[in-house]
Structures are given as structure tokens and as C-alpha cells.
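The values are calculated or read from the model by the stated rules, or taken from the named source; none is laboratory data. All figures in this text were calculated on a predicted structure; none of them were measured in a lab. No Cβ is skipped: glycine too gets one built from the backbone with ideal geometry, and neighbour counts run over all protein chains shown.
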Amino acid sequence: MNLSSILRCSTAQKSNPYWRTLRTVAATTVIESIKKSARILIVCHIRPDGDSLGSGFALKKVAEKLGKQVDFVTDSDRPSHYSFIKCFYELNDKKYSGYDLGIAVDCADDTRLGKWLSVFNKCPNTINIDHHRTNNRFAKVNYVYPEKSSACEVVYDLISGDDVIDADIATLLYLGISTDTGNFMHNNTKPETLAAASKLLALGADLEAIVNDFYKNNTKNKIMLTAKAIESMRFFKDDYIVIMTITRKMLEECGCDITDTEGLIDYGMSIGSVGVAVCMTEQNVRSYKVSYRSKGIDVSVAALMFGGGGHKLAAGCVVNGHYEDVVRKIVKSVTDGIAE
């Protein structure tokens, strides 16, 4: 049984001692691959979020502790609202080439690597660390664990037994776990998630800095955009579905960019009658980045209809077309899921 097969085992299989042994082998393989490499490329997904940044920077710091030369890149601009991260400006600060190991973090499929996919594929050894159920296992070693809350929780599992987590690494991993669980409010928060977060706090994770720098640090521009997003809400199916739209004009008027749309969908989810919230962000003419959130139905199926993917309760895709046509397609993608 190879590692990709091992990591597709069922939840029931994962509860037995044999599975736990296999997970230890997988973790050892990842750790040993880092130790045996000289130059490492770490890639996170386009439009990076707290989980992709936290997991990527944490692995970068671990590898550098082991004396490795490491570049951490994404096919997007640095998201300014994460500039409080101490090593933020190391993202996309490419210094090396001729990598012998490529690590992808938090990438549900290989297209999420963008322009870095070709560089990643040229690495003699590649590792895919992720938690998305729809991951297409694109690397030579695939550590994909959909039961985990976040890529940061997966990374924590990989490195927690090696005495390499200092306060800075703990803070990075805590940031990713916190943001991907909606600050521990989403149903991907499991006992193991809280246990990992507790251990990271004990290792020195700076909770106060995360709360103040991320959760309590909105700009006036972001609040203006939030108001416009709420005003844009349209309701369907007896208020069970809400769609909010962010246009490029709205971003320009508020002095924001696409990274400022993160978290806006939560306002839709906060409405009691709503079972599915959708945020459509115009990224080009007749092209929309679509995010789904659900309180019950499987929205990853809806996203897959458009070539996207994700989790049961949180998924995304890109849908092209005229605005009203896109809205109709999105509503249908959700109602088809309700019918099933």
C-alpha cells in the first residue's frame, strides 16, 4: 500500500492502531524528505488565506531550522491584511532555484498552484499537504487528511513529535487553525482540533496578537465594503439561500482589493433562515469567484459542477457568464443539492 492509498483510508480504518502506525510512517516520510533536501520550494494556493500562509510559513521556519534553503511562494500578490505576520515579506521573495523538494500546502488540486505548478512538477520529490476532501492527489507523496480542520492542523501532526515548534511556529499554526475553523465556530472543529490549539498555546502561540492583529483590525475601507456587500444581498427559496455580490466597482469605490472580501460571507451565514450563503466576487469581465458556505447540505457538490471543490460546508469555484445567468446557475447548483 503506497502513501496515497494509506491517506484515503476510511474514518473507521483510521481509528485502529494499524492506521495510527501508517500515519506515523507518513509523517516520518515527510520529515525525512525535508531533512534530506537542500533546496525546498513551498507553494500555497492562489489568493492565500490564514491557513495556507500559516502552514507554509511554519514549514519554511522548520526547514530553515534544519539548515535548508527555502522559498515560499504563491501565484498572487501578498494579502496585505496578513502583513502582521512577522515573516510576511518572505512570501514571494524568491532567492533560489534548482529545488530538490517541492511542498504544496492547502491546495485542493494542482491548478491552485497557478504559475508555480510547472516549477513544482520539476522537483525530483514532491509532497502535497492538505485537508480538502476533493484533493486530486497530484504529488508523489500525498498527505491528505480531510478529517482535519486545516492544513495547519495537518502540519502540526507532522512536526509535533520532533521538538521543532517554537513560539513563532506555534503562532503561525494557531493562526491557520483559528481562521479555517471560523475561530472555532465551524463544525470542522473537533476535539483533536482544540487539543492541537491548546498545545500550541502551551508552546507559546501569541493568541493576543492574533486576536488584535486579525480579528480586531478592520480598516475603514473594509467596513465600507462590508456595508455594500450586505446591501447587495439577494434571497432565494424562502430566504434559505442568500447571494451577495462584490463588483470591481465596489472594490474601487471603497479602496479595497479582492483580499478584503475574506470573511464577508459570514454575514450571510449569520442570518437565521439562511442555510446556504454565497459570495460572488467579480474578478474579470463576466467572471466571478464564487464562495459557498452551508449549515447542512454538501456545497462541494455544487462547486464541483463548475470545476471547483472544497469541503461539505465550505467550497468555491469560478463561474463565467453574464451576472444574472451566473446567479441562476448558482441557485440551481444549490437547489439540486437540496433535492438530493
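The residues in segment 97-142 that are of a type in the set (V, I, T) and either more than 16 Å from the chain's Cα centre (by Cα) or assigned by TED's automatic domain parsing to the domain that holds K289 (or both) can be counted, and the count is 4.
Among the residues of segment 245-276, count how many are farther than 23 Å from I338 by Cβ and touching a residue at least 40 places away in the same chain (Cβ under 8 Å). Here the count works out to 5.
Cβ-Cβ contacts under 6 Å between residues 6 or more apart (or on different chains), taken from a first residue in segment 68-93 that is under 15 Å from I258 (Cα atoms) and at pLDDT 95 or above to a second residue that is aliphatic (A, V, I, L, M) and part of a loop (DSSP other than H, G, I, E, B), are listed as D75/I46; S76/I46. In segment 134-145, the count of residues that are modelled with pLDDT of 95 or more and within 30 Å of C256 (Cβ to Cβ) is zero. Name the single residue that is surrounded by the fewest Cβ atoms within 10 Å (Cβ to Cβ) among those in segment 118-151 being part of a strand (DSSP E or B) and polar (S, T, N, Q). The residue in question is N125.
Checked across segment 7-20, the condition of being at pLDDT below 95, surrounded by 13 or more Cβ atoms within 10 Å (Cβ to Cβ), part of a helix (DSSP H, G or I) and among the β-branched types (V, I, T) holds for no residue.
Based on what the data block shows, is T126 closer than 19 Å to G310 by Cβ and in contact with a Gly (Cβ under 9 Å, 6 or more places away or on another chain)? No.
For V318, the stated conditions hold: it is surrounded by fewer than 19 Cβ atoms within 10 Å (Cβ to Cβ) and modelled with pLDDT of 95 or more. Any residue at all in segment 175-190 that's in contact with a Lys or Arg (Cβ under 6 Å, 6 or more places away or on another chain), touching a residue at least 24 places away in the same chain (Cβ under 8 Å) and surrounded by 23 or more Cβ atoms within 10 Å (Cβ to Cβ)? Looking for residues that are in contact with a Lys or Arg (Cβ under 6 Å, 6 or more places away or on another chain), touching a residue at least 24 places away in the same chain (Cβ under 8 Å) and surrounded by 23 or more Cβ atoms within 10 Å (Cβ to Cβ), one finds none in segment 175-190, hence no. So for segment 182-192 (the condition being of a type in the set (F, W, Y) and outside any helix (DSSP H, G or I)), does at least one residue qualify? Yes, because at least one residue in segment 182-192 is of a type in the set (F, W, Y) and outside any helix (DSSP H, G or I).
Checking D163, D130, D157 one by one, the residue that is free of Cβ contacts under 8 Å to residues at least 60 places away in the same chain and closer than 15 Å to D106 by Cβ is D130 and no other.
Pull up segment 47-85, narrow it to residues that are within 25 Å of F184 (Cα to Cα) and polar (S, T, N, Q), then point me to the one that is surrounded by the fewest Cβ atoms within 10 Å (Cβ to Cβ). Per the criteria, the residue is S83. Scanning segment 203-223 for residues that are in a helix (DSSP H, G or I), surrounded by 14 or more Cβ atoms within 10 Å (Cβ to Cβ) and either touching a Cys at 6+ places or on another chain (Cβ under 8 Å) or of a type outside the set (G, A, S) (or both) yields a count of 6.
Condition first: of a type in the set (D, E), closer than 18 Å to A315 by Cα and modelled with pLDDT of 95 or more. Can you find one or more residues in segment 160-177 that meet it? Scanning segment 160-177 turns up no residue that is of a type in the set (D, E), closer than 18 Å to A315 by Cα and modelled with pLDDT of 95 or more.
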